[in-house]
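The values are calculated or read from the model by the stated rules, or taken from the named source; none is laboratory data. The model shown is predicted, which means the values in this text are computed figures rather than measured ones. All Cβ positions, even for glycine, are placed from backbone atoms using ideal geometry, and neighbour counts span all protein chains on display. Surface areas here come from the heavy atoms of the whole protein model, side chains and all, with no ligands, DNA or RNA. Shrake-Rupley method; radii C 1.70, N 1.55, O 1.52, S 1.80 Å.
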Amino acid sequence: MRRLIGSHDLLFVTLDTLRHDVAAELAAAGRTPNLARLLPGGRWERRHTPASFTYAAHQAFFAGFLPTPTTPGPHPRRFAAAFPGSESTSDDTWVFEEPDVVTALAGAGYHTVCVGGVGFFNPVSALGRVLPGLFAESHWEPAFGVTNPGCFEAQLDRIETVVAGLDRARPLFLFVNVAALHQPNRHYRAGAEHDSRETHAAALEYVDAHLPRLVAAVTGRGRPCAAILTSDHGTAYGEDGHVGHRIAHEVVWTVPYAEVVLP
């Protein structure tokens, strides 16, 4: 990661609440072809998230604690806020003194942009302003949220407008939190009355169908773009009696992850 800072634009996408098992099954079945074209070998990596809900996971992510491989570690981190005793940095880790990567990238000359999705990016509350407040430019509106079946398209409309107006000479860090996977997602399957693993899968198919617009926006600026695609946590649909997340369950802690340099 350290060698990419300054020369590459950076894209960080959290597919909020996406389960690894659903993501992996759809990729293997050819139901998410646009994502598969980006994933190394067409497959998601299975990782463990540092937290079981959006706010905590993103606070960890921005400090450099991305989802970790499920094999025994320690696993070197891609970027990291410096602190005494860290055992997960290597020669390739971009280590910074700031408390979060957003502030650090701004100090390295990046224009930082957040396009939020779920409620923790809704600035109507003080809590909802914490994560977006790290960025030089942040965007959220109700159309980006969980209740709008066209939420990802609305986000893409804004992303295209924002990116088109930026100085191409300055590197960009674009963070996007995609809300479509989060409950409620029953509207992605005709006739569904309840959220389920199947409607969760249909939501991912919806996101996949519109993903080329995001790729086009970030690859049209004349510089390579390094991307991290992941979920912040999964969610339960009745497993062991659980519904939702913010619980210590395998379907919540296990998330899909990928790193790629976009052409």
State whether one or more residues within the range 235-246 are of a type in the set (Ser, Thr, Tyr), in contact with a His (Cβ under 6 Å, 6 or more places away or on another chain) and in contact (Cβ under 8 Å) with a residue 60 or more places away in the chain.
yes
Examine the range 46-66 for a residue that is surrounded by 21 or more Cβ atoms within 10 Å (Cβ to Cβ) and out of contact with any strand residue (DSSP E or B) (no Cβ under 9 Å at 6 or more places or on another chain), and state whether such a residue exists.
no
What residue, among those in the range 139-195 that are hydroxyl-bearing (Ser, Thr, Tyr) and either in contact with a Leu (Cβ under 8 Å, 6 or more places away or on another chain) or farther than 24 Å from VAL218 by Cα (or both), is surrounded by the most Cβ atoms within 10 Å (Cβ to Cβ)?
TYR188
Where a residue in the range 105-134 is farther than 12 Å from HIS58 by Cβ and polar (S, T, N, Q) and its partner, wherever it lies, is part of a strand (DSSP E or B) and open to solvent by less than 50 Å² (accessible area, probe 1.4 Å), with Cβ under 9 Å and at least six apart:
THR112/GLU137; THR112/LEU172; THR112/PHE173; THR112/LEU174; THR112/PHE175
Cβ-Cβ under 9 Å pairs, at least 6 apart or on other chains, the range 221-232 side within 15 Å of PHE61 (Cβ to Cβ), far side in a loop (DSSP other than H, G, I, E, B) and of a type in the set (Lys, Arg)
ILE228/ARG78; SER231/ARG19
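Restricted to the range 22-45, and to residues that are outside any helix (DSSP H, G or I), of a type outside the set (A, V, I, L, M, F, W, C) and more than 16 Å from the chain's Cα centre (by Cα), which residue is surrounded by the most Cβ atoms within 10 Å (Cβ to Cβ)?
Ranking the qualifying residues of the range 22-45, first place goes to THR32.
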Name the one entry in HIS210, HIS200, HIS187 that is in contact with a Pro (Cβ under 7 Å, 6 or more places away or on another chain) and either β-branched (Val, Ile, Thr) or assigned to a helix (DSSP H, G or I) (or both).
HIS187
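State which residue is nearest to THR14 (Cα to Cα) when the search covers only the range 136-155 and only residues that are assigned to a loop (DSSP other than H, G, I, E, B) and among the aliphatic types (A, V, I, L, M). Write out each step before concluding.
So in the range 136-155, the residues assigned to a loop (DSSP other than H, G, I, E, B) come out as 136, 140-141, 145-150.
Okay, now just the ones that are also among the aliphatic types (A, V, I, L, M), so 136, 146.
On the way: ALA136: 19, VAL146: 14 Å.
Among them, the one singled out is VAL146.
Are any of the residues in the range 193-206 touching a strand residue (DSSP E or B) at 6+ places or on another chain (Cβ under 6 Å) and basic (Lys, Arg)? If you could, list the steps in order and put the result at the bottom.
Taking the range 193-206 as the starting set, the residues that turn out to be touching a strand residue (DSSP E or B) at 6+ places or on another chain (Cβ under 6 Å) are 196-197.
Remaining after also requiring basic (Lys, Arg): 197.
Yes, some residue in the range 193-206 is touching a strand residue (DSSP E or B) at 6+ places or on another chain (Cβ under 6 Å) and basic (Lys, Arg).
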If you go through the range 145-181 one residue at a time, how many are more than 19 Å from ILE228 (Cβ to Cβ), of a type outside the set (D, E, K, R) and touching a Phe, Trp or Tyr at 6+ places or on another chain (Cβ under 8 Å)?
3
